[in-house]
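Here is the structure we will look at, set down as structure tokens.
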Amino acid sequence: MPRYSEKRIEDFLDNDISGFYDACDRMDAGASPAEGIAWIRETHGERWAEMLAYYFDNFLDSLTGTIPGMRVLVHDIKTAGLGVWGLSNWQRETIGEAENAYEILRMLNGRVISSEVHMRKPDMAIYMKALESFGIDAATTVFVDDRASNVIGANRAGIRCIRFRDERGLRETLIDAGVPIPAVAE
């Protein structure tokens, strides 16, 4: 039996009620889980602080897994001789758990994590930090993200962007742009 009712989970994921996403934004920018929990306790109450603590204690259960086809796509891109890096708004105490659990994260050539550099997407500074860290040029880089605000932020940094919807569409877009990877067989 689940620990929380559907209604309680729904309320937890409603930022106006629990402050969950505001707390995540703070932690993605470098605050620790303890600081995020304390902030929620002060601003939204003990029940939400307790639930955020439970979330961290059971973090891997919140991950839904690798998007179908993405591990193969990353492999195909790397086999074509291109680099694949990660740029993520993520909380530093949990990124290691995700990397241990998911091979695709270990396949990356490198990563910039918001909480480690104290900057967040869509702030232009984090894109510039990523380009510098990876030793790549904005003019020859393609940034992929599922959030429109992050795509806009990367565009402001001079990086060509693709808004992610699914693996097949991304593969087709990359092929159309000249990336030498196999097409999806019909």
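Per-atom-type breakdown for the chain gives carbon and sulfur 51% of the accessible area (1.4 Å probe, protein chains only). Looking at the chain, the DSSP beta bridges with both ends there are about 0 percent antiparallel. Taking trypsin sites (Lys or Arg not before Pro) across segment 1-63, the ones in a DSSP loop with at most 15 further Cβ atoms lying within 10 angstrom of their Cβ are Arg3.
Working from the Cα coordinates of segment 1-143, the gyration tensor eigenvalues give, after taking √(5λ), semi-axes of 32, 19, 12 Å in decreasing order.
Which FRET efficiency, nearest 0.05, do Glu6 and Val179 yield, Cβ-Cβ r, R0 35 Å?
Here the calculated transfer efficiency is 0.25.
Taking every C-alpha pair closer than 8 Å and separated by at least 6 residues, the mean separation divided by the residue count of the chain gives a relative contact order of 17 percent. Computed from the alpha carbon atoms alone, the convex hull of segment 139-186 holds 62 Å³ per residue. Between Asn58 and Asp137, full extension at 0.36 nm per residue minus the direct alpha carbon distance yields a gain of 24.6 nm. Whole-Hz Karplus values for segment 24-37 come out as 4, 4, 4, 6, 4, 8, x, 5, 7, x, 4, 5, x, 5 Hz, taken residue by residue from phi with 6.51 cos²θ - 1.76 cosθ + 1.60 and θ = phi - 60°; glycine and proline positions read x. The charge dipole of segment 1-137, taken about its Cα centre with unit charges on the Cβ atoms of Lys, Arg (+1), Asp and Glu (-1) only, comes to about 380 debye.
Counting only residues at least eight positions apart within a chain, or on another chain, the aspartates and glutamates with an alpha carbon under 15 Å from that of Lys78 are Glu103. Summarising the amide proton neighbourhood of Trp85: residues at separation of 5 or more, or on other chains, whose placed amide H is nearer than 5 Å comprise Asn109. The 3J(HN,Hα) values that the Karplus relation (6.51, -1.76, 1.60; θ = phi - 60°) gives for segment 64-71 are, in residue order, 9, x, 6, 4, x, x, 6, 4 Hz. Gly and Pro appear as x. GNM, the chain, Cα, under 10 Å: largest mean-square fluctuation among Val112, Val144, Val72? Answer for the Gaussian network model of the chain: Val72.
Accessible area per residue for the chain, computed on protein heavy atoms with a 1.4 Å probe, is 57 Å².
A crude spin-label estimate for the pair Arg156 and Glu35, with each label 7 Å from Cα along the Cβ direction, gives 2.2 nm.
Note on segment 1-49: Cα-Cα pairs beyond 16 Å make up 36% of the total pair count.
Take every Cα pair under 8 Å whose residues are at least 6 apart in sequence, average their separation, divide by the length of segment 1-98, and the relative contact order is 27 percent.
When peptides 173-180, 27-34 are sorted by average Cβ neighbour count within 10 Å, with the highest value leading, the order is 27-34, 173-180. Taken over segment 81-161, the ratio of Cα radius of gyration to 2.2 N^0.38 Å equals 1.05. For Val72 and Asp25, what is the calculated FRET efficiency with R₀ set at 35 Å and r taken between the beta-carbons, to the nearest 0.05? Result of the calculation: an efficiency of 0.60.
The values are calculated or read from the model by the stated rules, or taken from the named source; none is laboratory data. These figures come from a predicted structure and were not determined experimentally. All Cβ positions, glycine included, derive from the backbone under ideal geometry; neighbour counts span all protein chains shown. Note: areas computed on protein heavy atoms with side chains; ligands, DNA, RNA excluded. Shrake-Rupley method; radii C 1.70, N 1.55, O 1.52, S 1.80 Å.
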